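Take a look at the structure set out below.
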Amino acid sequence: MRGIGAQEAKGFWADAWDRVRRRPGAMLGMAWIAVMGFFAVFAPLIANAHPIRLERLGADGQVVSVEWPLLAYLSPTDWLLMIATAFGVPWIFLGSGRLGRAGRIGVLIGLSMQAGATIVLAALLIWAAEGSGIESLERLTRLDAGPWPLILCSAVVVAALASAVPVATSLSRRIVPIVGAATLGFVLSWLAGGQTLVNHEQVILDEAAGKVRATWTLIPWSSQYTRSDMVGIPPGTRVADWEKTASFKGTPFGERRVLLGTDAIGGDVLGQMLWACRLSISIGLVSTGISVVLGVTIGALMGFFGGWVDLLLYRVVEIFMSVPTLFVLIVAAGVLPRNTYVMMAIIGFFSWTGAARFTRAEFLKLRKMDFVQAAQAAGLPVRAVLFRHMLPNGITPVLVDASFAIAAAITIEATLSFLGLGPDGQASWGKLLSSATAATGTFVWWLAVFPGLAIFLSVLSYNMLGEAMRDAIDPKLRKAAH
Amino acid sequence: MATYLLRRLLLMIPTVLGITLMVFLLVALAPGGIGAGLAVQGGQMSDTSKVAQMQAYLEDRYGLNDNVLVQYARWLGRVSPLKFGTTPLVAPTGDLVREPRDLPEPVMTWAFPAPASFVVQYTPPEGEALVADFKRLQREAEGTRRTYVGAVRGLKDALADHVRALGAPWTARLEPKGGADPERFRDLPLEGDAPTLVALRAAAATMHSSWTEAEAARQRATIAFLARPYPAAGIEIIPNAFSLGAPDFGVAFSRNRPVWDLIATALPVTILINFIAFPIIYLVAVPTGVLASVRRGGAFDVISGLMFLLLYSVPVVLTGVFAIGFLANNQYLGWFPVSGLHDSAAATMTFMPYTDDAGAWHRGWLLDMVWHLALPVLCLVYAGFAVLSKQTRAAMLENFSSDYVRTARAKGVPSRDVIISHVLRNSLLPLITMFVGIFPAMLGGSVVVERIFTIPGMGSLVIEAINLRDRELILANTFMISSVSLLALLLADILYALCDPRVAYD
Amino acid sequence: MASHHTTAAPPIDPLMSVEDLAVSFDNGSGPRIQAVAGVSMSVYPRQTLAVVGESGCGKSVTAMSSMQLIPRPPGRFDAGRIMFEGRNLLELPEHEMLKVRGGKIAMIFQEPMTSLNPVYTIGDQIMEAVLLHQAVSPDEAARIAIKAMADVGIRDPEGRMRAYPHQFSGGMRQRVMIAMALACRPSLLLADEPTTALDVTIQKQILELLRGLQHSTGMGMMLITHNLGVVAENADVVCCMYAGRVVEYAPVTELFDRPLHPYTRGLFRCIPGLSELRNRLVTVEEVVADPREYEGLRSDAGPVMPWWPFMDQSQRPALDDPSRPYALVEVSPNRWVGCWRTPEVARTPSRPPRIAPA
Ligand SMILES: Nc1ncnc2c1ncn2[C@@H]1O[C@H](COP(=O)(O)OP(=O)(O)OP(=O)(O)O)[C@@H](O)[C@H]1O
Ligand SMILES: [Mg+2]
């Protein structure tokens, strides 16, 4: 059974969506977000220093053996993301059946939340098992750590939990996620197991000497690969034309172009920028998710119970509101481990007040409304009233505001990375930007312009989307608009 | 009004406490903890045992071995203007002198019984002699204490060595980094004459002898302290129990200077930048919002809305880098200085610009500062434009359709006066409320801006403090920034109360 | 409250006459909202014209049009004029209009709670009107304001000058609104439901106050209300509107004696006790749905049929011009009824509604 509110909210959203679609700014924004999302998912396939296929040649030029270094390189997270996107997105647009498009999007969001929760749970389990620092969370992205049993177990647990949520209505839909999660895990570990990583430097030299034949990715650089002889190459330069690497003239490596230049430690800017989409998108979504969940929970508690609960929690909200958030974030990011998960957590933890206030206000209003009182009068327990009836209505303005929150989170990530407080070992637009003004006082324009543009466009896209949604949903503003 | 103010001020106290506690816990519980920065400093020394002893000394000095909440309470006690316990004294240098602390207990007393406690007999001299004596005793107490703390650490290291020599299963009880917690080895057999065991016994003997020495020095220094070689700090209400005094933010170990000195030079800079930026934001955003609302749906409305949305989406770091790169860097335009608050020659400048006899123009101190601050302030203001003008526009539109504006128009008030004295006047209230949202964000933004333009404000200070894990500095920074932020919010509240007759003060 | 049954031209001109006014509003993507579609009425000095009709029928829009207080856009004056002192108020330029608003025509609104600016004192708000329209010093203006407040029965007017609206009750605020409106001695007062938001005893006081002030100053008044009791006690002439048009226009006693339009009849019948006692209340809908109610009305042009937008197509008479189905016809001296505009009606000229006071 779904709440009256849920259905009401759905029609309402469809209506709002139609209005959003009529705004060119919002559509452009969504297009950019889609592009970013694409690169976030497929960056390992597009920009990678590991060749897709490596043929080792014998002395007479015969193929001795074939390796697939890229496959070995991909982490479980990569696999998960890519497979989910490759199947999920076409399913949304082409799929048919009982579920409408909105329903399919809902199922996918539910599934990705499951996947996210799985990763977090698995990380926590590893952490608990090993008992050492938060750094072990990073293990998850490495195959050799062998956390597969844990991931699978937690996937099953989470899938079971998730199927209790009223997203799934039939028994089959409850079983599908469990079976799916398990199968996917086994297939992935089978696929990626047994491959060896290659020494990139060696491959390039061997390739020049004609000892191997490599099929490279579209952009044969990765975010991690740096060369000290390639520092500060301007955009569009051929490797062989660069003074320090002129010795590669005539080899496949020498023919490569550094499309957007290299940075201060000799890493390719384009490759890093594509990889950085991942950090930006994930931090924006996850930290906003955390803040929305936190804020809605606290706001709902305040609005539903009122009285002293409200009084007490609102003091907490006020404290958080008067904190100079960015300042505290800088302190927190500075003293805590430089880690993606930590960054997501702290950004989420320091930005929930908006959601809490929206939800509280909405709940206070809704409490007096007929359908909630009717439900209460009908003897439904408090929890049912809260989650089935009030939440779908109360959450609407929060979700509209979430778009702005994502934009803010992206800005914060860029800022912290710029200040050198970003996650270690991760490509980030902010980090690239910070190397534009070197300590020597020179200014490297391509390190400012390209990452800067990417940050700007991403923030702008989310802001435009938010603006459009706010106009579409807020009837008062809508009236004032003409 | 006075009671209203007082109530607001009192409400600020829990807020500041909440924020500082949060930051304290963050700093203290972070992996590597406060010691991480200390270790960095100690790491420059070659001898590992020296490093360990140095670390032990610093940990003891900053009380890092205690429970986090105890540490926080101690910090709070120093910062609070109400002070409990022995009244600190003020040395002629201006430094605060506190009663010498008790020594940490000797460890492994079950194996090596601690020396019996004793009471030193010492009669402090009077007058000048007391001051000289106290200084000497203070140094002595400090030195012996350091040796003792080092000896305790030495004992622990010796214990760890011995455990390692014993091998499994004992080694399993060692800490991850190899240190030994004596409490976990109460059942360790200590008979025999293995070399590590001999060393352990020697370490215990050293610890005991240095304890005796340090304890004696401490007692003498305490007696001299209680004889009051210097005047008491603050106002004593009950001597050595309860006094009022200025907050003491401690000493920043990274610079070895009182934190307060650092803040006193940095805070005005940050406040200055913000106080220049604020009027600019309001002066640009409010008229724009008003115009946009008056011609709603017109070209100005649409264009200003779009432009501000674009500006709003540009992160401060981006503007900063572009401004430095293209406007300030000599490779490109080079119109503005790249960093700092003043030219290096600022000290010799006249205040106002002038033209000297040779006809050369000198910009003077004031213009020099304006020139240096132009880009940082630019970076700080533009994001506020969008927020504020949008809010102004919305408030104006809401008031335009209000009943009292209709009344004013029905009275025959010309539309310009309606806009200014009725619509705008009522829209000021949400604009004041907006301040509450903008100011904390601005303070955070100025941290970044200061960092980019290397301006010696709170931002630069806090980032330095973070990088060195200088707890005292981080906490004091947080405390000051939150206080400034809260005071600004209080100001906004008062302004609101003054502007809106409906708000009752009590 | 008496009126004459003469067809001769009235001896004096009306203070203000609304002639064939049509106002519409932009409605985004939908068709324009025709709030007022050809309304005529007139007010004489010392006369009270009551405008009645259900919610949304265009009463406020009519009143606000005469002050040019309709927001344009989305509003638009489609047709008609409003004559006041020989000038068309709809076409007065803004600077002329400023003198009329508050100076010659004053208006009081339905919502006393929100119609005063919360951030200014009562005194400031009354003085603002005085200073705008009378060439007096601020001290003089303050005296006028105090007198105006005393006139509307506010005790301790001097002290209350410095009070803020939120310190006043709703009734007192409405008194302040009246004081503000009357401080400049306007010749016409537009009172848009001045008592709807107030409780019954205050309502009575306010209306008595208005009546007294009207007698002492000789101004005309347009009283918009839903309350037929208020109409009976205060009005000289009644204009009954429906869907942006006038359905009946008559002196108050005659209208109450013998309503001619089915809608007006319906209005009266659903008030218990006003006509004879009934077993049950009759709704307006029942009356207007009864075809017999529309019969037997005659005018100079011959038999006419009252206009009713929801009348069955089959019952409607043949129209002269389908795009103009409605005309206000004088069916007997000083009695106007909104009728279907048949060719006969279109041919026979009809006097615009004017009922001069005795
Ligand atoms: N600013 C506006 N924009 C759009 N439509 C409007 C506007 N003002 C009035 N209207 C429309 O004009 C019509 C008449 O409104 P008006 O306020 O004159 O009604 P009324 O007779 O005064 O009703 P009430 O008794 O409820 O005050 C209504 O249908 C209303 O929707
Ligand atoms: Mg009305």
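Picking from C:A22, C:A2, which residue would you name as being away from ligand 2 (no atom under 16 Å from the Cβ) and at pLDDT 90 or above?
Just a single option satisfies the conditions, and that option is C:A22.
For segment C:109-123, check the following and say yes or no: at least one residue is within 14 Å of ligand 1 (Cβ to nearest atom), open to solvent by less than 50 Å² (accessible area, probe 1.4 Å) and under 18 Å from the mean Cα position of the chain (by Cα).
yes
Picking from C:M172, C:M127, which residue would you name as being more than 24 Å from C:K99 (Cβ to Cβ) and of a type in the set (A, V, I, L, M)?
Within the list C:M172, C:M127, the selection yields C:M172.
Criterion first (within 11 Å of another protein chain (Cβ to nearest Cβ) and either among the acidic types (D, E) or over 16 Å from C:P118 (Cβ atoms) (or both)) does B:S389 satisfy it?
The answer is no for B:S389.
Looking at segment C:136-154, can you tell me whether even one residue there is within 12 Å of chain B (Cβ to nearest Cβ) and either part of a helix (DSSP H, G or I) or not charged (D, E, K, R) (or both)?
No, every residue in segment C:136-154 fails to be within 12 Å of chain B (Cβ to nearest Cβ) and either part of a helix (DSSP H, G or I) or not charged (D, E, K, R) (or both).
Within segment B:250-264, identify whether any single residue is within 32 Å of the chain's Cα centre (by Cα), open to solvent by 20 Å² or more (accessible area, probe 1.4 Å) and among the aliphatic types (A, V, I, L, M), and answer yes or no.
Yes, segment B:250-264 contains at least one residue that is within 32 Å of the chain's Cα centre (by Cα), open to solvent by 20 Å² or more (accessible area, probe 1.4 Å) and among the aliphatic types (A, V, I, L, M).
Tell me which residues, restricted to segment B:317-341, are farther than 15 Å from B:W371 by Cβ, within 8 Å of chain A (Cβ to nearest Cβ) and open to solvent by less than 30 Å² (accessible area, probe 1.4 Å).
B:V317, B:L318, B:V321, B:G325, B:N329
Is segment B:399-408 home to any residue that is in contact (Cβ under 8 Å) with a residue 12 or more places away in the chain, under 16 Å from C:V119 (Cα atoms), within 12 Å of chain A (Cβ to nearest Cβ) and not aromatic (F, W, Y)?
Among the residues of segment B:399-408, at least one is in contact (Cβ under 8 Å) with a residue 12 or more places away in the chain, under 16 Å from C:V119 (Cα atoms), within 12 Å of chain A (Cβ to nearest Cβ) and not aromatic (F, W, Y), which makes the answer yes.
If you go through segment B:425-461 one residue at a time, how many are buried (at least 20 other Cβ atoms within 10 Å of the Cβ), away from chain A (no Cβ under 12 Å) and either over 19 Å from B:I280 (Cβ atoms) or touching a strand residue (DSSP E or B) at 6+ places or on another chain (Cβ under 9 Å) (or both)?
Residues in segment B:425-461 being buried (at least 20 other Cβ atoms within 10 Å of the Cβ), away from chain A (no Cβ under 12 Å) and either over 19 Å from B:I280 (Cβ atoms) or touching a strand residue (DSSP E or B) at 6+ places or on another chain (Cβ under 9 Å) (or both): 2 in total.
Any residue that is surrounded by fewer than 13 Cβ atoms within 10 Å (Cβ to Cβ) and either assigned to a loop (DSSP other than H, G, I, E, B) or not aromatic (F, W, Y) (or both) - is there at least one of those in segment B:54-62?
No, the conditions are met nowhere in segment B:54-62.
Picking from C:I33, C:I105, C:I70, which residue would you name as being more than 12 Å from ligand 1 (Cβ to nearest atom) and closer than 22 Å to C:M241 by Cβ?
That would be C:I105, the only listed residue that is more than 12 Å from ligand 1 (Cβ to nearest atom) and closer than 22 Å to C:M241 by Cβ.
Go through segment C:213-234 and give me each residue that's within 16 Å of ligand 1 (Cβ to nearest atom) and either buried (at least 21 other Cβ atoms within 10 Å of the Cβ) or closer than 21 Å to C:N334 by Cβ (or both).
Those that are within 16 Å of ligand 1 (Cβ to nearest atom) and either buried (at least 21 other Cβ atoms within 10 Å of the Cβ) or closer than 21 Å to C:N334 by Cβ (or both): C:M222, C:L223, C:I224, C:T225, C:L228, C:V231.
Would you tally the residues in segment C:330-352 being modelled with pLDDT under 85 and either in contact with a Cys (Cβ under 8 Å, 6 or more places away or on another chain) or among the hydrophobic types (A, V, I, L, M, F, W, C) (or both)?
The qualifying residues number 3.
Report, by residue number, each residue of segment C:35-57 that is open to solvent by 20 Å² or more (accessible area, probe 1.4 Å) and either under 20 Å from C:T196 (Cβ atoms) or within 16 Å of ligand 2 (Cβ to nearest atom) (or both).
Across segment C:35-57, the qualifying residues are C:E54, C:S55, C:G56.
Out of (1) within 16 Å of ligand 1 (Cβ to nearest atom); (2) within 14 Å of chain B (Cβ to nearest Cβ); (3) charged (D, E, K, R), the odd one out for C:R173 is which?
Every condition holds for C:R173 apart from (1).
Could you check C:M67 against (1) within 16 Å of ligand 2 (Cβ to nearest atom); (2) open to solvent by less than 10 Å² (accessible area, probe 1.4 Å); (3) assigned to a strand (DSSP E or B) and say which number it fails?
All conditions pass for C:M67, except number (3).
Listed residues B:A158, B:A214, B:A202; which is assigned to a helix (DSSP H, G or I), out of contact with any strand residue (DSSP E or B) (no Cβ under 6 Å at 6 or more places or on another chain), of a type in the set (A, V, I, L, M) and surrounded by fewer than 18 Cβ atoms within 10 Å (Cβ to Cβ)?
Residue meeting the stated conditions: B:A202.
Given the criteria under 19 Å from B:M54 (Cβ atoms), touching a strand residue (DSSP E or B) at 6+ places or on another chain (Cβ under 9 Å) and among the aliphatic types (A, V, I, L, M), does B:V149 qualify?
no
Out of curiosity, is C:S65 modelled with pLDDT of 85 or more and within 14 Å of ligand 1 (Cβ to nearest atom)?
yes
Of all the residues that make up segment C:73-102, how many are within 13 Å of ligand 1 (Cβ to nearest atom), within 14 Å of chain B (Cβ to nearest Cβ) and surrounded by fewer than 17 Cβ atoms within 10 Å (Cβ to Cβ)?
2
Please specify each residue of segment B:73-82 satisfying the condition of being open to solvent by less than 20 Å² (accessible area, probe 1.4 Å) and of a type outside the set (A, V, I, L, M).
B:W75
Which residue out of C:V39, C:V43 is within 13 Å of ligand 1 (Cβ to nearest atom), away from chain B (no Cβ under 14 Å) and under 18 Å from C:L328 (Cβ atoms)?
Sole residue among the options that is within 13 Å of ligand 1 (Cβ to nearest atom), away from chain B (no Cβ under 14 Å) and under 18 Å from C:L328 (Cβ atoms): C:V39.
Condition first: open to solvent by less than 10 Å² (accessible area, probe 1.4 Å) and within 15 Å of ligand 2 (Cβ to nearest atom). Now tell me which residues in segment C:241-251 satisfy that.
Of everything in segment C:241-251, those that are open to solvent by less than 10 Å² (accessible area, probe 1.4 Å) and within 15 Å of ligand 2 (Cβ to nearest atom) turn out to be C:M241, C:G244.
The values are calculated or read from the model by the stated rules, or taken from the named source; none is laboratory data. Note that the coordinates shown come from a computational prediction; the quantities given were computed from them, not determined experimentally. Heads up, the Cβs are rebuilt from the backbone with ideal geometry, glycines too, and the neighbour counts pull from every protein chain shown. With ligands, DNA and RNA removed, areas are computed over all heavy atoms of the protein, side chains included. Shrake-Rupley method; radii C 1.70, N 1.55, O 1.52, S 1.80 Å.
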